[in-house]
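Enquirer: Quick one: the structure is below, questions incoming.
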Amino acid sequence: MKPKVLKTIKSKGAKASFPGDIKPMLCRLVKEPPTDPSYLYEVKWDGYRILSYVNGSKVKMGSRSGLDYTKKYPPVARALANLKLNVVFDGEVVVLNEVGRPNFDALQLYNGHETPIKYYVFDILYLEGYSLMHLPLVERKAILADVIMVNEVLKYSDHFEDGSWLFKQMEEHRMEGIVAKKADSYYKPGERGKQWLKIPTEIRQEFVIGGWVESDRGRPFASLLFGAYKGNEFEWIGHGGGGFKDAEMPVILRQLKAIEQSKSPFANKVDSPGVIHWVKPKLVANFKFATWTKSGRIRKPAIFLGFRKDKKAKDVVKEIIKEPLTFNESEKESVTLPKDFNRKEAKPRTNSQDSNWLKVFNQKQTDVQNFDIGGCTIKINDVQREIWNGITKASLIQYYH
């Protein structure tokens with residue numbers, strides 16, 4: 001490891017034991033790249049999201065739902081073990097086609113053979129005894145760029161400053177889309193907020209299969225009925241009859257018949273013509289579609305892209321596209337203050353003459369940063385100041401959060 005990296009993690013990282021399973025930080029779906037200049041942009045790779053735990057020669061590759069994919073991708077596991085580090089990466093496993101575009105179908109068929117496979121790493125969460133999740137994204141990416149040993153398998157997923165330009169490039173090359181991330185964002189496991197945004201070139205989303213409709217044209221089935229969870233209720237959203245290859249339809253039908261049941265799994269009424277067969281809501285599939293209707297359904301046609309074995313059915317929820325964030329909107333405070341509130345005239349409340357609060361209130365504020373906690377945005381100053389030896393204020397806040 002480079003000396004400057006070791007110096008950085010010792011001065012800015014939070015000392016921690018090697019982590020267990022970390023829930024990946026998620027992206028909110030938006031329509032266009034934000035206008036806020038504090039975002040940076042990455043390619044949205046069409047693959048499987050994988051968090052890799054490398055503890056010396058031991059490697060564990062975990063999917064978003066916590067499944068162990070280590071044995072499924074031996075070339076990636078070997079490349080990670082060769083790093084000989086104690087590190088946790090976040091990235092995307094991708095199989096590229098002959099022209100260099102991600103091929104999700106080929107990834108699904110990948111069974112551990114030697115077909116060229118890539119692991120695009122875009123974040124680093126832990127390194128050599130130090131947690132890095134409380135560091136700003138740009139600092140984590142700088143550390144990652146110095147740590148990752150780029151080769152035929154491991155790739156550093158770079159970032160760009162011009163989101164509109166990158167999005168157009170993705171459209172021209174028929175790629176999935178881009179991801180916008182706040183440059184100063186901390187890594188918040190499991191959170192889906194405004195810090196990370198995804199902007200697809202076309203709408204793609206995972207849904208859970210709840211049934212199929214019989215075909216009157218000699219095909220194994222006409223369409224699949226799908227939905228998503230809303231709390232504990234499984235809600236029907238739409239159906240898709242396109243995108244199926246003739247050879248795979250009988251295989252899909254056998255999977256469906258294996259989990260067939262007599263009652264509808266959906267909590268709401270299904271509006272679909274034809275003879276319907278219901279199934280247990282276990283299979284997760286990826287669909288692409290044009291837009292949503294006002295009633296919250298998929299505007300036809302919905303095109304089947306393949307099953308997602310890396311995601312649990314219960315975790316699938318409907319993702320409605322938000323309007324793009326403007327600079328003012330992204331900085332707007334979550335808490336509405338009274339109209340007559342004047343920050344300059346606000347005085348601290350004290351209950352005793354010897355309270356330390358007045359000293360704190362009068363301290364000069366430096367390095368003020370915003371934290372999103374519990375639906376509110378709060379301002380905290382001097383987050384990198386050590387309050388105990390080796391423990392910064394930011395580390396304590398992340399721990400309590």
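Enquirer: Hey, among the residues in segment 256-280 that are assigned to a loop (DSSP other than H, G, I, E, B) and touching a Lys or Arg at 6+ places or on another chain (Cβ under 7 Å), which one's farthest from Phe221 (Cα to Cα)?
Expert: Residues of segment 256-280 that are assigned to a loop (DSSP other than H, G, I, E, B), as a first pass: 259, 262-275, 280.
From the residues that got through so far, the ones that are touching a Lys or Arg at 6+ places or on another chain (Cβ under 7 Å) too are 259, 265.
On the way: Ile259: 15, Pro265: 19 Å.
Filtering first and then ranking leaves Pro265.
Enquirer: Say whether the condition of being among the polar types (S, T, N, Q), buried (at least 19 other Cβ atoms within 10 Å of the Cβ) and in a strand (DSSP E or B) is met by at least one residue in segment 80-98.
Expert: Residues of segment 80-98 among the polar types (S, T, N, Q): 82, 86, 97.
Then keep just the ones that are buried (at least 19 other Cβ atoms within 10 Å of the Cβ); that gives none.
Taking every residue of segment 80-98 in turn, none turns out to be among the polar types (S, T, N, Q), buried (at least 19 other Cβ atoms within 10 Å of the Cβ) and in a strand (DSSP E or B).
Enquirer: Quick check on segment 1-17: of everything there that is crowded, with 16+ Cβ neighbours inside 10 Å and of a type outside the set (A, V, I, L, M), which residue is nearest to Arg49 (Cα to Cα)?
Expert: Initially, segment 1-17 is screened for residues crowded, with 16+ Cβ neighbours inside 10 Å, giving 5, 8-9, 12-14.
Adding the requirement that they be of a type outside the set (A, V, I, L, M) leaves 8, 12-13.
Numbers: Thr8: 27, Lys12: 27, Gly13: 25 Å.
The selected residue is Gly13.
Enquirer: Output the number of the condition that Tyr110 fails; it satisfies all remaining conditions of (1) in contact (Cβ under 8 Å) with a residue 40 or more places away in the chain; (2) surrounded by fewer than 19 Cβ atoms within 10 Å (Cβ to Cβ); (3) not polar (S, T, N, Q).
Expert: Here Tyr110 clears every test but (1).
Enquirer: Within the group Val251, Val150, which residue is in a loop (DSSP other than H, G, I, E, B) and of a type in the set (Val, Ile, Thr)? Give the derivation first.
Expert: On the way: Val251 fails: in a loop (DSSP other than H, G, I, E, B).
Only one candidate qualifies: Val150.
Enquirer: Taking segment 10-60 on its own, how many of its residues are under 15 Å from the mean Cα position of the chain (by Cα) and assigned to a strand (DSSP E or B)?
Expert: 13
Enquirer: Look at segment 146-161 and say how many of its residues are under 24 Å from Ile199 (Cβ atoms) and out of contact with any Pro (no Cβ under 9 Å at 6 or more places or on another chain).
Expert: Taking segment 146-161 first, the residues under 24 Å from Ile199 (Cβ atoms) are 155-161.
Pick out the ones that are also out of contact with any Pro (no Cβ under 9 Å at 6 or more places or on another chain) and you get 155-160.
Looking only at that region, the number is 6.
Enquirer: Ser38 - would you say it is of a type in the set (S, T, N, Q), open to solvent by less than 10 Å² (accessible area, probe 1.4 Å) and either in contact with a strand residue (DSSP E or B) (Cβ under 9 Å, 6 or more places away or on another chain) or under 25 Å from Glu176 (Cα atoms) (or both)? Explain how you work it out, then say what you get.
Expert: Values: of a type in the set (S, T, N, Q): yes; open to solvent by less than 10 Å² (accessible area, probe 1.4 Å): no; either in contact with a strand residue (DSSP E or B) (Cβ under 9 Å, 6 or more places away or on another chain) or under 25 Å from Glu176 (Cα atoms) (or both): yes.
It is false that Ser38 is of a type in the set (S, T, N, Q), open to solvent by less than 10 Å² (accessible area, probe 1.4 Å) and either in contact with a strand residue (DSSP E or B) (Cβ under 9 Å, 6 or more places away or on another chain) or under 25 Å from Glu176 (Cα atoms) (or both).
Enquirer: Further question on the same structure: Which of the residues that make up segment 218-248 are part of a loop (DSSP other than H, G, I, E, B), of a type outside the set (A, V, I, L, M, F, W, C) and open to solvent by less than 40 Å² (accessible area, probe 1.4 Å)? I'd like the intermediate steps shown before the answer.
Expert: Looking only at segment 218-248, we keep the residues that are part of a loop (DSSP other than H, G, I, E, B), and these are 218-222, 231-232, 241, 243-248.
With the extra rule that they be of a type outside the set (A, V, I, L, M, F, W, C), the set shrinks to 218-220, 231-232, 241, 243, 245-246, 248.
Matches in segment 218-248: Gly241 only.
The values are calculated or read from the model by the stated rules, or taken from the named source; none is laboratory data. Model, not experiment: these values are computed from the prediction. Note that we place each Cβ from the backbone using ideal geometry, even for glycine, and neighbour counts take in every protein chain shown. Ligands, DNA and RNA are excluded from the accessible area calculation, which covers all protein heavy atoms including side chains. Shrake-Rupley method; radii C 1.70, N 1.55, O 1.52, S 1.80 Å.
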